[in-house]
Every structure is written in structure tokens, then in C-alpha cells.
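The structure appears right after this line, and notes come after that.
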Amino acid sequence: MPVKNRLAELQPEIAAWRQHLHENPELQYELYKTSAFVEARLREMEIDEIISGVGKTGIVAVIKGRTNTSGRVVLLRADMDALPILEDTGLAYQSKTPGVMHACGHDGHTAMLLGAAKYLSETRNFDGTAVLMFQPAEEGGAGAKAMIDEGVLTRWGKVSEAYGLHNWPGIPTGQFAVKSGPLMAATNTFRIVVKGRGGHAAKPHDTIDPTVIGAQIVLALQTIASRVNDPLKSIVVSVTSFQTSSEAYNVIPQQVELRGTVRTLYKESRQLAGERVKAIAEGTALANGAVAEVEWIEGYPGVVNHEAETGYAIKVAEQVSGVPVHPILPTMGGEDFAYLLEEVPGAYIFMGNGDTAGVHHPAYNFDDTAIPFGSSWLVGMVESRLPIA
């Protein structure tokens, strides 16, 4: 099952779709132009059912196989939203919306799934039902969960397996990388407000200095990774913002606010980190005569690939690329495909984007030569998991 000849022929058309999406990026759930474009392309195909407005601006395309003796359903997913980044590529199709950019390749993911839809609707060389999920708000909005809550996993028959892919700079174009088990981290954020007693900077003894206390908390939070968590279970604790209530040179502020993120690969580490952030902040503040208010916000769960389904994904990837999949370590980035994998068996795979700028970088661009590989892998997952008897 190498790259499908038909998908290689369609590459220029699919690339044109991708470049249109790149030129017209939208954020989170506000994907009105994007969704309209995707729906219009789907309606040019022989799709059995197209449903828009799922999860606000998500779209579902349902394609029935030549037969349905199995009664099984395989779901394929692509994310559609862009990022609030000012593009710096100089491309002819550079973003027309200043400060909004497809800097993570979701334009490529969407275009490749549209290509797979075209192929599957033409050939229908499978036994069962393919559900294609075009999702909004992966970048922080939990669009996958919104579409799950509106029945994407059950409305067209219970989904048997779910698959998705993400481009990955640094891996040769058209090659793949994946592992079973934990692949991407759970995302959590925290906000700590330390309330002291402000005053004149020349008279610190008359104050309770929240800046010094906040600095102690920043350092103490690092012990979660170095002294509390199992060192074999990856965790990242990053304080990313430190703001005082005064910016004057000669004023000790009344309070400071710390913000940050915690990334974990294992559920027990996630729970432990939440408990320790609260205990460290409140305890450090109390020891210095201040008060700390802690807000802990759980984001996406971790992406945990199912073992058997990862094996299926590897087999198709190696057939498409012609080379073994690359070994890969887990990444501490987050991804809301995790919600799908909590509900049904499946796997999430990385596809090479070549030697390009990294994702979330203003100079990033999706490599259009990867399109036949990604679309072929998506098609291959349907055909291999729903084989005709």
C-alpha cells in the first residue's frame, strides 16, 4: 500500500485547498469561512451525509463503504483552527489576517482529510462506515470534546477506532513516527496571587514583600520535578509570568501574580502536581506572613495511544512511506485528540514535514509535498481496518 496513485494525481488540487486555508486563517471556534470552504469542497464529492455546526463550527462527513457486513465505524480527524501569531514567511499565499496564522499545519491536516474524503467517496473500497471529523478549536478550546459531547462518536454508529495525524518538522517529509502508550502530555495551568503588605522600598521592614515571597515560590515549584515526582515519569513545571501590582522603582507592591503551566505524561503525576502547587504556594506565603490564592486549571488529558491500534497505524505508515517508522520519545506538548482516545481505541501519529521551522513559529509552513503521504495513510487506516471480505 504505497502512496495512492490517485492521491498523487490530486496533490496539486489538494495543495491549492491547503494554500487557500493558509491564506484565510481563523481562530478557535470562529471558523465560519474555514468551515464554509470545507463544506463546499465536500459537497462537490459523493459524500453520503455532511453535517455542519457540530461543536459550533465543526463538520462531519459520513462515507459508507461498498458493503457494511461488519457494522464497524472508523473515525478520522483533522483540526482546522489557526494561531494568534503574526506570520513571517513571505509566501505568495501568506495570511491575509494580520496576527493570525496557520503556524501548526492544521491547514495541511484539513486539506489531507479532504483529499482522503475525495478518494474514499470515489472508491468505497471498505466494509463499514468512515466518519470524517473536521474539528474546530484544537488550540486551547477543546473542540474535540465539544464534538464528542454532540455525538460524533455515536450518532452514526458507535465508533470502533479513531485515528489522527500531525505534521512534525525535523522528520523527513512523508515519513512517520509514533509510539504506543503516552505520546503527548496533559496540560494544566495555574494562577497564584500572593497578597502581602506594600510600602516604601526604603523601609522593607514595614512591609510583607510579596515579590520576595513570589520569587521563593518560583524556586520551590521546581522541586516538584526534581524532588517530588518520580524521575522516570516526565513532568514540566514552568512559571511563565510574574507581575507585580506596582511598576514603580521605589514601591514594594501590595501583591504579585504568578502564572504558569504544568505538563505531565501520567495521571498520578498530574494529581500530585496540582496538590503540590497549592501546598507550596500557600505554605511559602504563610511562612512569610502573607496569603497565597491558588487557581489550578486542568486542560487537555494526555494523548495515550492504544497498543494494538498503534500497531495498525505503524503497518499502514510503513507501507505508505516504504521505510520503518521513526522511534520517538513523548513530547510535552498538548493535543485534544486525547479526548477521543479516552473514549475509543485508536492512535495518533506524527508525519514528517522536513527541515522546516518548528510548529508555532512565525516562519513555519506546511510542506505540500507531504500531502499524498498523509492522505494515503488516512485512507489506508479505513481500508485496512474495514477490509472487504
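For the reader, a short list of remarks on this structure follows.
- Complete set of residues in the stretch 225-247 that are over 20 Å from GLY334 (Cα atoms) and touching a residue at least 24 places away in the same chain (Cβ under 8 Å): VAL228, ASP230, PHE242, THR244, SER245, SER246
- A count restricted to the stretch 216-256 and to residues that are of a type in the set (A, V, I, L, M, F, W, C), surrounded by fewer than 17 Cβ atoms within 10 Å (Cβ to Cβ) and more than 32 Å from the chain's Cα centre (by Cα) stands at 2.
- Per the conditions (1) open to solvent by 70 Å² or more (accessible area, probe 1.4 Å); (2) touching a residue at least 40 places away in the same chain (Cβ under 8 Å); (3) part of a strand (DSSP E or B); (4) out of contact with any helix residue (DSSP H, G or I) (no Cβ under 9 Å at 6 or more places or on another chain), the sole criterion not satisfied by THR261 is (1).
- The number of residues in the stretch 10-41 being farther than 9 Å from ALA111 by Cβ, surrounded by 22 or more Cβ atoms within 10 Å (Cβ to Cβ) and over 21 Å from the mean Cα position of the chain (by Cα) comes to 0.
Results for (1) at pLDDT 95 or above; (2) open to solvent by 40 Å² or more (accessible area, probe 1.4 Å); (3) in a strand (DSSP E or B); (4) at negative phi, shown as yes or no for each residue.
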site	(1), (2), (3), (4)
GLY108	yes, no, no, yes
LEU120	yes, no, no, yes
ALA137	yes, no, no, no
GLY174	no, no, no, no
LEU183	yes, no, yes, yes
THR189	yes, yes, yes, yes
HIS205	yes, yes, no, yes
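- Residues of the stretch 336-389 classified as in contact with an Asp or Glu (Cβ under 6 Å, 6 or more places away or on another chain), buried (at least 24 other Cβ atoms within 10 Å of the Cβ) and within 21 Å of MET147 (Cα to Cα), total: 3
- Qualifying residue in the stretch 80-92 (condition: part of a loop (DSSP other than H, G, I, E, B), of a type in the set (Val, Ile, Thr), surrounded by fewer than 24 Cβ atoms within 10 Å (Cβ to Cβ) and touching a strand residue (DSSP E or B) at 6+ places or on another chain (Cβ under 7 Å)): yes
- Only one of VAL323, VAL316 that is at pLDDT 95 or above, in a loop (DSSP other than H, G, I, E, B) and over 20 Å from the mean Cα position of the chain (by Cα): VAL323
The values are calculated or read from the model by the stated rules, or taken from the named source; none is laboratory data. The structure displayed is predicted, hence computed values, not measured ones. Positions of Cβ are generated from backbone atoms using ideal geometry, with glycine treated the same way; all protein chains shown enter the neighbour counts. Please note that ligands, DNA and RNA were not included when accessible areas were found on the heavy atoms of the full protein model with its side chains. Shrake-Rupley method; radii C 1.70, N 1.55, O 1.52, S 1.80 Å.
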